[in-house]
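Okay, so here's the structure we're looking at.
The values are calculated or read from the model by the stated rules, or taken from the named source; none is laboratory data. On a predicted model such as this, the values are computed, not experimentally measured, just so you know. Here the Cβ is made from the backbone with ideal geometry for all residues, glycine too, and neighbour counts use every protein chain on show. For accessibility, only protein heavy atoms count, side chains too; no ligands or nucleic acids. Shrake-Rupley method; radii C 1.70, N 1.55, O 1.52, S 1.80 Å.
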Amino acid sequence: MAGIYLHIPFCKQACHYCDFHFSTNLDNRASIVAAITEELVLQRDYLQGERVNTVYFGGGTPSLLSEAELNGMLDTLYKTFPVNTGAEFTLEANPDDLTKDKLASLRRSGINRLSIGIQSFDDAVLKFLNRAHNATLASQCVVDAYDAGFENISIDLIYAIPDQTEAVWEENIQKALNLNPQHISSYSLTIEQKTAFGRWAAAGKLRPVDDDLAGQQLQVLVGRLEGAGFDQYEVSNFALPGFQSRHNSSYWKSEAYLGVGPSAHSYNGAHRQFNISNNSLYLKALQAKTIPATREELTREDQINDYLLTTLRTAWGADLTHIFNTWHYDVPTTHGPYLNDLLRSQYASLDNNILRLTRRGKLLADKIASDLFLLTP
Ligand code: SF4
């Protein structure tokens, strides 16, 4: 089974921390939407006839799309790919776009899962991040989404925000829980060089939160969400039973996906493909019916290391038998003493040769995965 990701590269304004690909110039929006639709057709063979089980509109801000634009892309997608009945259709949305009319139109279009970029329920924090919404809208849009008939709602929250007190963070978590979402994604604020925060940090005007404090905030989140019945099925993702993101899980399970739109990635097990991160060049290429992408063939080392990096962040863990059978890489032989240390100090458990990180291990998931990498000279 496969997934399709559509990258909608526009935003009303630039959040101070964001290094995703987007433009705040909406002038060529109609042409870009047409180009993304054209790319779906040009890429019709990428998934080799595999059935599509998840479709994800990400960005950027897909909730800026009109009903006609969204329906146009979906019509083409249905005509071009075999889509499973009951497929998951997620759309990332910003609270300021989610009017009652908008929510009704998204339902009519067949979107059955919303991922809402709330980030914080605190007005001072939202202003600091340069988000376009306020705290009142953040809560109201979720209530309105339920009223419109959505039954699968994910909320994004950011932690490790400089100067955000513990009390504000805990209050944020409580406010999120009060809205009864089925899913919460929460990422630590990272200061990226080419963002407003990156420039402020370089000029000494912003000091990132240190890793220990960020780790404590994640632990508070894990404790509160697990207490409310959520499962931390990936380091940054929490779901009530039956509400894991099927689309993102397919990334972590190394299933094939096609990404269309500027900056989108695709993956089919043997290679990754990266679309150009530039709206004008993307448009030009698609108008000439070419796909502006670079391709990276994945070596055995890449495949093993990608597998470790993604699965060790998840609740289902890394299957060491699968790694051996697929790539003839014997992790216990190569990293025996390190593995024993992980188990002894309760950073990980090993059952049926499946390596899973414990709660404290998950705080160091990327580091532990990289320590287990296959390294060829
Ligand atoms: S965080 Fe989302 S809304 Fe903000 S600039 Fe980035 S893509 Fe746009």
Among the numbered conditions (1) away from the ligand (no atom under 16 Å from the Cβ); (2) of a type in the set (Lys, Arg); (3) crowded, with 22+ Cβ neighbours inside 10 Å, tell me where LYS79 comes up short. (3)
Of the listed residues (LYS205, LYS194), the one being within 22 Å of the chain's Cα centre (by Cα), more than 29 Å from SER249 (Cβ to Cβ) and either among the hydroxyl-bearing types (Ser, Thr, Tyr) or part of a loop (DSSP other than H, G, I, E, B) (or both) is LYS194
Does ARG300 fit the bill of being touching a helix residue (DSSP H, G or I) at 6+ places or on another chain (Cβ under 9 Å) and buried (at least 18 other Cβ atoms within 10 Å of the Cβ)? no
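If you take the residues of segment 354-377 that are of a type outside the set (Phe, Trp, Tyr) and assigned to a loop (DSSP other than H, G, I, E, B), which of them is surrounded by the most Cβ atoms within 10 Å (Cβ to Cβ)?
LEU372
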Quick check: anything in segment 25-40 at pLDDT 95 or above, surrounded by 21 or more Cβ atoms within 10 Å (Cβ to Cβ) and not in a helix (DSSP H, G or I)? no
Scan segment 147-180 for residues that are among the acidic types (Asp, Glu), over 26 Å from LYS102 (Cα atoms) and modelled with pLDDT of 95 or more and jot them down. GLU170, GLU171
Can you name the condition, by its number, that GLN13 falls short on among (1) within 16 Å of the ligand (Cβ to nearest atom); (2) open to solvent by less than 40 Å² (accessible area, probe 1.4 Å)? (2)
If you go through GLN244, GLN232, the only one that is touching a helix residue (DSSP H, G or I) at 6+ places or on another chain (Cβ under 9 Å) and within 30 Å of TRP169 (Cα to Cα) is GLN232
Considering residues that are outside any loop (DSSP other than H, G, I, E, B) and over 23 Å from TYR267 (Cβ atoms), the number found within segment 1-17 is 1
When you go through (1) surrounded by 16 or more Cβ atoms within 10 Å (Cβ to Cβ); (2) over 24 Å from the mean Cα position of the chain (by Cα); (3) free of Cβ contacts under 8 Å to residues at least 24 places away in the same chain one by one for ASP351, which number turns out not to apply? (1)
What single numbered condition from (1) assigned to a loop (DSSP other than H, G, I, E, B); (2) surrounded by fewer than 20 Cβ atoms within 10 Å (Cβ to Cβ); (3) more than 16 Å from the ligand (Cβ to nearest atom) fails to hold for PHE20? (3)
Could you count how many residues in segment 93-136 are closer than 21 Å to GLU166 by Cα, open to solvent by 30 Å² or more (accessible area, probe 1.4 Å), without any contact (Cβ under 8 Å) to a residue 60 or more places away in the chain and within 16 Å of the ligand (Cβ to nearest atom)? 2
Just name the residue that is farthest from LEU218 (Cα to Cα) out of those in segment 137-169 that are open to solvent by less than 10 Å² (accessible area, probe 1.4 Å) and among the β-branched types (Val, Ile, Thr). VAL142
Being outside any helix (DSSP H, G or I) and among the aliphatic types (A, V, I, L, M) is the filter; apply it to segment 279-330 and report the residue that is farthest from ALA239 (Cα to Cα). ALA288
